[in-house]
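The values are calculated or read from the model by the stated rules, or taken from the named source; none is laboratory data. Nothing here was measured: the structure is a model prediction, and the numbers come from that model. Here the Cβ positions follow ideal geometry from the backbone for every residue, glycine too, while neighbour counts run over all protein chains shown.
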């Protein structure tokens, strides 16, 4: 039914309000546009930003229509937090890549004792996801002295995704972040990129026979 | 900026750019998700007088006045804001304009940050003005410019209607340069411009005639376009749509069907619709929320399929459209997918904990809601802003909410019901329940002040808490008449809430101002205010924890729990602070998240929480 010769790549960023998902989505979108692709990005502002679940979407290709993905249409889900990875997992394609920040941010129902934080979430995701890459972006960001650059570490990892390696990432980052933070953001990006290259994407042979 | 290189812009940025390129002179707005960034971006163009008005009615009146005076003027608001501005809207639709007037309404199917899902396309029909509906950022820019021209040509305000997914989606935009538009000469003409009954009776038929002319224009405007299918002979399905729904429909049906995309959606291009319907075997109407286009088709006697299969509630998504129109999808995928709307994160795994928004660490509202915990038997009338989150667990401080400013006026009405009940029961044990209204600084300026006047005038015994966090916080830090700054950040007269309330006639014994981080001060003032026989106002004044100057000042500062002293009474947990949790049976404060407000320390009876501590500068553990 769909348009002939239109292939759209979809990236979904999921996290907690305040984690920098919107800036991350902006960098990915600008990098895709600079690479000469049609791009759409979608984000939500307002109430949910106050520590609630947030998602941003980036879609690019020769021509993009819907800025939003459907279930099982996302090529790469970048989860800034483990619980959010589980929450949005259904949007990922079966053969898609899941990048997870090994970070736990307890939501209010957990903090106030009404619910438990799922303890085996990462294990479950590892068993289910076709391809998964787990990073301690928070730890790495703390190591270089700026917790806020977790998002750039995750983008660094994402940049190794097939088709995205050729985007002009460094230039885009320099243009997008504030000048005084350009250096540390670039450093964070490189850390993420190196970690992804070192680890490779863990392929789940049981599930999908790669 | 030039015409060659496309720029990624949100719909809101593109509308602002369109306002600029259209040569607009005056722009007024009140912040509201998802419209806020339009005015924020207009504020970056020095050629335009741009302001935050105290509310949407004032914003539209300022813009309408400017348009009456010959300017190209713009007003922008969220969907419920147009309710506030409806009064001037319906009458400026009669007078028309000397210059031009464009009004943006940003609707919120899915209600990400709203209290209802009203479809403001109906305002255009109701007020008898043209309606433009863009579907991506380029159209946001182009339609905004077109709206000014239509306004000028037809002497009418024009409604530009966007939705969250258009406002907050980015796509590539080709920009142009600013048109140099002179102020149109104003000529006094009270029959046209001063609506008393005798003049309005003359104007109403002219409005109907204008509508007729606009419907002729709608037939030929390029804003309404037909997109042919890749195989014209096979095109048995036709889709009439507009706005973001077009993008979703296109995702589903691709170029295998024929589309009529209505960018100029009201008045309806009836002949165009009829001809399009005649050219296809089957007609689908794809639109979010109300059957606006669909009803128009049905009035014309055109057979079509729309809301019989598409949901009225919530946003659409490609999958929702598939489930409605493609039987094969319905059978195979629907059960598994459960067809989430575009508002996502609802379906995937219902067993995992939800993550509702919460008051931030260091939020000055936390002290107020912690103190209010002692007044749970009373009724808390809350309002629209971050403090609405105080109604959620564990703070649980909120009973009801209607709209901006209603905490005070509807709280007063509620208090009258209490008074009537007490009078009729005449029972000695009838509980002394009071109403406590909670409202923020910007919302108070917006429409709380009139309610407060009524409370004093009616001598209603209730307590009004004005939570002054020095900014319009929820929508992302916009200035308001109390902050002492303009939209552009320049100095402005600062309206002092204490002096304002005092000037209304609140005496010293019924007016308090406290620091909300000082729990004892809040509790003492609350007790005095609750004991007072008439109305009492407490102003709590401390800046939003997310303001850069506040954030930077506490970046390295935190409180901590002595786990040997902690008795796990959970008093700190009940403050609802995202930085505090129970681990290993004791409270723990995350030093990275802690903003050192000290409220948890003040509720910790055993004295287990101490601070503030300052982190050592060198903390890297490489």
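Results for (1) farther than 25 Å from residue B:140 by Cβ; (2) out of contact with any strand residue (DSSP E or B) (no Cβ under 8 Å at 6 or more places or on another chain), shown as yes or no for each residue.
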position: B:199; (1), (2): yes, yes
position: B:254; (1), (2): no, yes
position: B:264; (1), (2): no, no
position: B:277; (1), (2): yes, no
position: B:280; (1), (2): yes, no
position: B:287; (1), (2): no, no
position: B:302; (1), (2): yes, no
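Answer with yes or no whether residue B:467 is touching a strand residue (DSSP E or B) at 6+ places or on another chain (Cβ under 6 Å) and either over 18 Å from residue B:372 (Cα atoms) or within 14 Å of chain A (Cβ to nearest Cβ) (or both). For residue B:467, the condition - touching a strand residue (DSSP E or B) at 6+ places or on another chain (Cβ under 6 Å) and either over 18 Å from residue B:372 (Cα atoms) or within 14 Å of chain A (Cβ to nearest Cβ) (or both) - is not met.
Looking only at residues of segment B:100-111 that are assigned to a loop (DSSP other than H, G, I, E, B) and crowded, with 24+ Cβ neighbours inside 10 Å, we find that the one that is nearest to the chain's Cα centre (by Cα) is B:108. For segment A:92-102, the criterion of being within 11 Å of chain B (Cβ to nearest Cβ), out of contact with any strand residue (DSSP E or B) (no Cβ under 8 Å at 6 or more places or on another chain) and in contact (Cβ under 8 Å) with a residue 12 or more places away in the chain is met by no residue.
Do we find that residue A:106 is part of a loop (DSSP other than H, G, I, E, B), within 8 Å of another protein chain (Cβ to nearest Cβ) and in contact with a helix residue (DSSP H, G or I) (Cβ under 7 Å, 6 or more places away or on another chain) in this structure? In short, no.
Conditions (1) closer than 22 Å to residue B:124 by Cα; (2) touching a residue at least 60 places away in the same chain (Cβ under 8 Å); (3) under 14 Å from the mean Cα position of the chain (by Cα), marked per residue:
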{"site": "B:9", "(1), (2), (3)": "no, yes, no"}
{"site": "B:18", "(1), (2), (3)": "yes, yes, no"}
{"site": "B:24", "(1), (2), (3)": "yes, yes, no"}
{"site": "B:37", "(1), (2), (3)": "no, yes, yes"}
{"site": "B:48", "(1), (2), (3)": "no, no, no"}
{"site": "B:53", "(1), (2), (3)": "no, no, no"}
{"site": "B:62", "(1), (2), (3)": "yes, no, no"}
{"site": "B:73", "(1), (2), (3)": "yes, no, no"}
{"site": "B:79", "(1), (2), (3)": "yes, no, yes"}
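Checked against (1) more than 7 Å from chain B (Cβ to nearest Cβ); (2) within 22 Å of residue B:588 (Cα to Cα); (3) touching a helix residue (DSSP H, G or I) at 6+ places or on another chain (Cβ under 9 Å), residue A:115 passes all but a single condition, namely (1). Going through (1) touching a strand residue (DSSP E or B) at 6+ places or on another chain (Cβ under 7 Å); (2) at pLDDT 95 or above one by one, residue A:72 falls short only on (2). Restricting attention to segment B:171-197, the residues that are outside any loop (DSSP other than H, G, I, E, B) and under 30 Å from residue B:139 (Cβ atoms) add up to 3. Counting residues in segment B:386-400 that are assigned to a loop (DSSP other than H, G, I, E, B), crowded, with 20+ Cβ neighbours inside 10 Å and without any contact (Cβ under 8 Å) to a residue 60 or more places away in the chain gives one or more.
Scanning segment B:471-486 for residues that are more than 19 Å from the chain's Cα centre (by Cα) and not in a strand (DSSP E or B) returns B:482, B:483, B:484, B:486. Being away from every other protein chain (no Cβ under 14 Å), more than 26 Å from residue B:6 (Cβ to Cβ), under 30 Å from the mean Cα position of the chain (by Cα) and assigned to a helix (DSSP H, G or I) is a condition met by at least one residue of segment B:154-170.
For segment B:273-280, the condition holds for at least one residue, the condition being that it is touching a helix residue (DSSP H, G or I) at 6+ places or on another chain (Cβ under 8 Å) and not assigned by TED's automatic domain parsing to the domain that holds residue B:120. Can residue B:219 be described as out of contact with any helix residue (DSSP H, G or I) (no Cβ under 8 Å at 6 or more places or on another chain), modelled with pLDDT of 95 or more and in a helix (DSSP H, G or I)? In short, no.
Screening segment A:127-193 for helices (runs of 4 or more DSSP H) wholly inside it with 3 or more residues that are within 26 Å of residue B:593 (Cα to Cα) and without any contact (Cβ under 8 Å) to a residue 40 or more places away in the chain returns the ranges A:137-143. Scanning segment A:23-53 for residues that are more than 8 Å from chain B (Cβ to nearest Cβ) and in contact with a strand residue (DSSP E or B) (Cβ under 6 Å, 6 or more places away or on another chain) yields A:24, A:25, A:28, A:32, A:37.
Could you tell me which residue of segment A:141-166 is surrounded by the fewest Cβ atoms within 10 Å (Cβ to Cβ), considering only residues that are closer than 10 Å to residue A:101 by Cβ and within 14 Å of chain B (Cβ to nearest Cβ)? Taking the candidates together, the pick is A:141.
Taking the conditions (1) within 23 Å of the chain's Cα centre (by Cα); (2) touching a residue at least 60 places away in the same chain (Cβ under 8 Å); (3) assigned to a loop (DSSP other than H, G, I, E, B) in turn, residue B:356 satisfies each one other than (2). With the structure loaded, tell me whether residue B:35 is touching a strand residue (DSSP E or B) at 6+ places or on another chain (Cβ under 6 Å) and within 14 Å of another protein chain (Cβ to nearest Cβ) or whether it fails that test. Spelling it out, residue B:35 is indeed touching a strand residue (DSSP E or B) at 6+ places or on another chain (Cβ under 6 Å) and within 14 Å of another protein chain (Cβ to nearest Cβ).
Inside segment A:113-126, residues that are farther than 26 Å from residue A:148 by Cα and free of Cβ contacts under 8 Å to residues at least 12 places away in the same chain make up a count of 6.
Note on segment B:234-297: enclosed strands (runs of 3 or more DSSP E) holding 1 or more residues that are closer than 19 Å to residue B:222 by Cα are B:237-241, B:258-262, B:264-266.
Within segment A:59-77, can one find any residue that is under 18 Å from the mean Cα position of the chain (by Cα) and within 24 Å of residue A:178 (Cβ to Cβ)? Looking for residues that are under 18 Å from the mean Cα position of the chain (by Cα) and within 24 Å of residue A:178 (Cβ to Cβ), one finds none in segment A:59-77, hence no. Does residue B:435 satisfy the criteria of being in contact with a strand residue (DSSP E or B) (Cβ under 7 Å, 6 or more places away or on another chain), over 30 Å from residue A:17 (Cβ atoms) and not assigned by TED's automatic domain parsing to the domain that holds residue B:82? Criteria met by residue B:435. In this structure, residue A:87 qualifies as facing chain B (nearest Cβ under 8 Å), in contact (Cβ under 8 Å) with a residue 60 or more places away in the chain and buried (at least 24 other Cβ atoms within 10 Å of the Cβ). Meeting the requirement of 3 or more residues that are at pLDDT 95 or above and assigned by TED's automatic domain parsing to the domain that holds residue B:387, the helices (runs of 4 or more DSSP H) wholly within segment B:505-622 are B:519-531.
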